[in-house]
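What follows is calculated from the coordinates using simple rules that are stated; it is not laboratory data. Just so you know, these numbers come straight off a predicted model, no measurement behind them. Every residue, glycine as well, gets a Cβ built from its backbone with ideal geometry; the counts of neighbours run over all protein chains shown.
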Amino acid sequence: MQNAGFNSFIRILLIIFIMYYILKFLAKIFLPIILKKVVEKAGQNFQQHGSNHNAQNTQSHDEIIIDSSKPKNRKETKKVGEYVDYEEID
C-alpha cells in the first residue's frame with residue numbers, strides 16, 4: 001500500500017485547477033454556439049407547429065368551435081381599510 005504524500009496532493013490540486021480553467025475556456029467558446037443552435041431549432045419547431053395549426057384551421061371553414069371553459073374570476077384587490085381624514089387641533 002502506498003501512502004499519498006504532499007507532492008501527490010499538490011499534483012492532484014494542480015490537475016483539478018487546470019481542468020477547471022480548460023473547461024471554462026471551452027465553455028466560453030462553444031456554449032454560445034450550442035445555445036444559438038438550440039434556439040434556432042426551437043424557433044423552427046415553433047414555426048412548423050404554427051404553420052401546421054394554421055393549415056388545419058384554413059381547411060375547415062364550416063367547423064364551429066365553442067369554448068365552454070369558465071372565465072377566470074379576477075381576484076379582488078386587497079381592502080386595506082377606511083380612509084380617515086384627521087384635523088389638527090391647536
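Scanning segment 5-33 for residues that are polar (S, T, N, Q) and surrounded by 10 or more Cβ atoms within 10 Å (Cβ to Cβ) returns a single hit, Ser8.
In this structure, Lys36 does not satisfy being under 31 Å from the mean Cα position of the chain (by Cα) and exposed (fewer than 10 other Cβ atoms within 10 Å of the Cβ).
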